[in-house]
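Enquirer: Got a structure for you, written out below as structure tokens; questions coming shortly.
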Amino acid sequence: MPTATAVDTRLRRLHRDNGSALLHYLRRLTPPGSPCTAEDLLQETMLRAWRSLDRMPPGPEPQRRWLFTVARRLAIDAHRRRQRSPVEVEVAEPELTPAADSAAEVAIASLTLRRAIGELGPAHRAVLRELYGKGLSADEAAALLGVPVGTVKSRAHHAVRHLRDALAGS
């Protein structure tokens, strides 16, 4: 069984010899403008190397091929996750001081919004309350509501879309 120092030395050498090339490769595989994603994938690749150090092929070239294969598969998995998850929508900040002549419009919009919120199911209202009423993150809301983060994001997306459509129709 290798000592901790030997394992540490081997991992440092793997990262020194392959880290820069892997990062460059991963940046080409991830969306532009998201360097953190490539760095996260590089870290995950090195973590997998550490976990599989005893099964890693001997020699620098086979190890490099193994690392690039792992990195490519992680990038593909990340791309698939991005395709599956709903798009997050940012709600535009409403004008805080409406024009004096739009009091009737504000009243109608307020009534329409109340009606649209009433049309939402309890699960969608709960997500909106946690995210926008209490200002919690999606992770925090998911933990509080006891549902997956993706469910929170999906419910928020559909609820906001329903409210936006209701206001657009008023």
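The values are calculated or read from the model by the stated rules, or taken from the named source; none is laboratory data. A quick note: this is a predicted structure, and the numbers were derived from the prediction, not measured. Counting neighbours? That spans all protein chains shown, and the Cβs are built from the backbone with ideal geometry, glycine included.
Enquirer: Which one of ALA21, ALA38, ALA6 is under 14 Å from ARG73 (Cα atoms), assigned to a helix (DSSP H, G or I), of a type outside the set (Lys, Arg) and out of contact with any Asp or Glu (no Cβ under 6 Å at 6 or more places or on another chain)?
Expert: On inspection, the qualifying residue turns out to be ALA38.
Enquirer: From the set of residues in segment 56-70 that are surrounded by 15 or more Cβ atoms within 10 Å (Cβ to Cβ) and without any contact (Cβ under 8 Å) to a residue 24 or more places away in the chain, which is farthest from ASN18 (Cα to Cα)?
Expert: MET56
Enquirer: Take ARG73 and decide whether it is free of Cβ contacts under 8 Å to residues at least 60 places away in the same chain and under 30 Å from SER154 (Cβ atoms).
Expert: Yes: the conditions hold for ARG73.
Enquirer: Show me the helices (runs of 4 or more DSSP H) found entirely inside segment 100-170 where at least 2 residues are among the hydrophobic types (A, V, I, L, M, F, W, C) and farther than 30 Å from ARG82 by Cα.
Expert: 103-119
Enquirer: Hey, another quick one. From ALA38, ALA21, grab the single residue that is in contact with a Lys or Arg (Cβ under 9 Å, 6 or more places away or on another chain), among the small types (Gly, Ala, Ser) and at pLDDT 90 or above.
Expert: Only one candidate passes the filter, namely ALA21.
Enquirer: On the given criteria, is ARG55 at pLDDT 85 or above and in a helix (DSSP H, G or I)?
Expert: no
Enquirer: Of all residues in segment 1-55, which are among the charged types (D, E, K, R), farther than 27 Å from GLN83 by Cα and either exposed (fewer than 11 other Cβ atoms within 10 Å of the Cβ) or not assigned by TED's automatic domain parsing to the domain that holds ARG72 (or both)?
Expert: Result: ARG16, ARG51, ASP54, ARG55.
Enquirer: While we're looking at this one, here's another question. Could you check how many residues of segment 99-142 are of a type in the set (Ser, Thr, Tyr) and surrounded by fewer than 13 Cβ atoms within 10 Å (Cβ to Cβ)?
Expert: 3
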